[in-house]
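Read through the structure below, which is laid out as structure tokens, and then see the notes.
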Amino acid sequence: MFVTVTLSLLEGFLGTIKLFALTLLLSLPLGLILSFGSMEKLGVIRYPIRFLIWVIRGTPLMLQLLVIYYGPGIFFGVNIWGGSPNGRFTAALVAFVINYSCYFSEIFRGGIQSIPVGQYEAGQVLGMTKRQIFFKVVLLQVIKRIVPPMSNEIITLVKDTSLARVIAVYEIIWNGQAFIKSSGIIWPLFYTGAFYLIFSGLLTLLFGYIEKKLSYFR
Amino acid sequence: MPILEVKDIHKSFDNEAILKGISFSMDAGESVSIIGSSGSGKTTLLRCLNFLETPDEGTITVHGEKIFDAHAPALKPEEIRARRLHFGLVFQQFNLFPQYTALENVMLAPKITAESPDVKQIEETAVKLLEQMGLSDRMNNYPHQLSGGQQQRVAIARALALKPDILCFDEPTSALDPELTGEVLKVIRGLAEQKTTMIIVTHEMSFAHDVSDKVIFMDGGVIVEQGTPAEVIEHPREERTKQFLAGYSSN
């Protein structure tokens with residue numbers, strides 16, 4: 001039984017990791033773009049983005065999942081996601097990407113704004129372009145500063161993926177819970193915790209390594 | 001022909017006039033010190049020369065070429081980049097790039113701003129400049145491993161690497177511990193002896209007196225008095241200059 005459960009949970013965990021990895025891959029660049037938008041001088045760009053960030057950070061992710069999955073069908077009469085597992089996964093991914101880009105954008109914004117203005121001015125008087133200043137001078141300093149808050153947020157993401165089960169996306173909790181009905185046992189559900197723990201443990205090690213790698217400068 | 005001619009520069013921030021018509025000129029090889037109390041507009045003037053601020057009025061002419069005219073259409077970013085390279089600027093807070101070594105700090109801008117950089121040549125120049133700054137054994141150190149005086153000398157080398165026509169110093173020793181100012185002043189003195197064209201905003205009166213060909217005293221956004229160090233520092237004519245200098249000697 002233990003082997004059967006472990007294999008089933010591993011299969012579910014694959015879904016968890018897929019959702020985690022794709023969310024991360026898409027929301028990091030999107031978050032950077034949003035952070036630029038939220039620092040934009042033009043109000044027409046800045047205010048809508050700040051409004052979006054406020055709404056997304058101000059409401060539960062679980063609610064956002066439900067609205068994004070059921071919303072189009074209820075409000076426009078079209079279920080754009082379809083009923084298949086893939087459709088539900090895509091809907092969950094969209095909700096996660098929107099939610100996490102907003103959180104990441106605030107971390108990026110904090111990091112970018114914490115860089116002293118003198119760094120930009122030094123680049124300017126040396127004849128660098130804005131782009132060169134950002135990529136050659138500022139970016140690595142920003143990365144160094146945001147590693148701790150980022151690792152926090154990313155470890156939260158590992159566990160947040162379990163929310164996807166509210167729209168029946170197959171992930172590890174879903175599979176663990178299935179054993180309650182099928183075999184009348186609850187311990188597989190508790191056992192899922194071990195998978196999360198190991199994975200976030202690995203991430204903690206990874207972030208520790210990055211932090212150490214970037215400790216050569218201050 | 002003067003290397004630099006500044007005419008009638010005005011600059012206000014939020015309706016508060018900081019510069020109220022600054023005009024002066026200097027010749028190649030001269031060092032000019034700008035003295036005056038905090039808030040007199042010295043730093044703003046340097047920032048205008050380096051295109052970190054845009055004057056509301058006035059013109060800036062280098063080698064007879066008008067590089068800034070407040071009445072001309074606004075300059076494009078690439079024009080600003082090209083023109084500001086007439087000037088170099090050494091900041092009060094050094095502003096070295098922390099993730100690069102001393103040598104990399106000096107090499108970065110020449111390397112990434114050139115169309116087809118000759119990295120070997122750039123490195124040779126950078127090494128030579130750092131040696132000249134007395135930092136032969138510090139080239140591969142990161143800024144946080146250097147003292148303030150060493151950091152400021154790296155910053156001077158970094159500015160010199162782009163071969164500016166006019167090198168500007170914005171209170172280069174004000175952020176340093178007193179025992180570290182000497183090494184930085186010595187380097188600047190060396191540059192003056194080599195006839196580097198420099199504008200130095202400073203609170204070091206005796207240094208300004210010894211090093212400069214000309215001293216400008218600013219107060220309340222105007223030039224109150226300018227002349228040789230002997231004229232301005234030893235025998236000031238204006239009452240405001242006398243008061244300012246008296247405040248210094250009593251400190």
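Filter the range A:187-214 down to the residues that are open to solvent by 70 Å² or more (accessible area, probe 1.4 Å) and farther than 17 Å from A:L10 by Cα and list them by number.
A:T204, A:L205, A:L206, A:Y209, A:E211, A:K212, A:K213, listed by residue number.
Name the strands (runs of 3 or more DSSP E) wholly within the range B:23-116 that hold at least 3 residues that are within 11 Å of chain A (Cβ to nearest Cβ) and modelled with pLDDT of 95 or more?
Of the strands (runs of 3 or more DSSP E) lying wholly inside the range B:23-116, those with at least 3 residues that are within 11 Å of chain A (Cβ to nearest Cβ) and modelled with pLDDT of 95 or more span B:87-90.
Kindly indicate the residue of the range A:47-67 that is open to solvent by 70 Å² or more (accessible area, probe 1.4 Å) and closer than 16 Å to A:L93 by Cα and also farthest from the chain's Cα centre (by Cα) among those meeting that condition.
Result: A:V67.
Here is a yes/no grid of residues against (1) aromatic (F, W, Y); (2) closer than 30 Å to B:R158 by Cβ; (3) within 12 Å of the chain's Cα centre (by Cα):
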| position | (1), (2), (3) |
| --- | --- |
| A:G31 | no, no, yes |
| A:Y69 | yes, no, no |
| A:G73 | no, no, no |
| A:F89 | yes, no, no |
| A:F108 | yes, yes, no |
| A:Q113 | no, yes, no |
| A:G118 | no, yes, no |
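Run A:Q141 past the list (1) part of a loop (DSSP other than H, G, I, E, B); (2) in contact (Cβ under 8 Å) with a residue 24 or more places away in the chain and report the number of the one that doesn't hold.
It fails just one condition, (1).
In the range A:31-44, what residues are of a type in the set (A, V, I, L, M) and under 18 Å from A:Q113 (Cα atoms)?
Matches in the range A:31-44: A:L32, A:I33, A:L34, A:M39, A:L42.
Regarding B:E16, is this residue acidic (D, E) and either open to solvent by less than 20 Å² (accessible area, probe 1.4 Å) or within 18 Å of the chain's Cα centre (by Cα) (or both)?
So B:E16 fails the test.
Every residue in the range B:207-251 that is acidic (D, E) and open to solvent by less than 60 Å² (accessible area, probe 1.4 Å), please.
Selection gives B:D219, B:E225.
Inside the range A:107-139, can you point out the residues that are away from every other protein chain (no Cβ under 14 Å) and surrounded by fewer than 19 Cβ atoms within 10 Å (Cβ to Cβ)?
Passing the criteria: A:G110, A:Q113.
For the range B:33-46, give me the residue count where each residue is free of Cβ contacts under 8 Å to residues at least 60 places away in the same chain and surrounded by 17 or more Cβ atoms within 10 Å (Cβ to Cβ).
1
Please work out which one of (1) more than 19 Å from A:S162 (Cβ to Cβ); (2) away from chain B (no Cβ under 14 Å); (3) open to solvent by less than 30 Å² (accessible area, probe 1.4 Å) is the condition A:S183 fails and give its number.
(3)
The values are calculated or read from the model by the stated rules, or taken from the named source; none is laboratory data. What you see is a predicted model, and the numbers here were worked out from it, not measured in a lab. Using ideal geometry, Cβ is built from the backbone for each residue, glycine included, and neighbour counts are taken over all protein chains shown. Areas reflect the complete protein model, heavy atoms only, side chains present, ligands, DNA and RNA absent. Shrake-Rupley method; radii C 1.70, N 1.55, O 1.52, S 1.80 Å.
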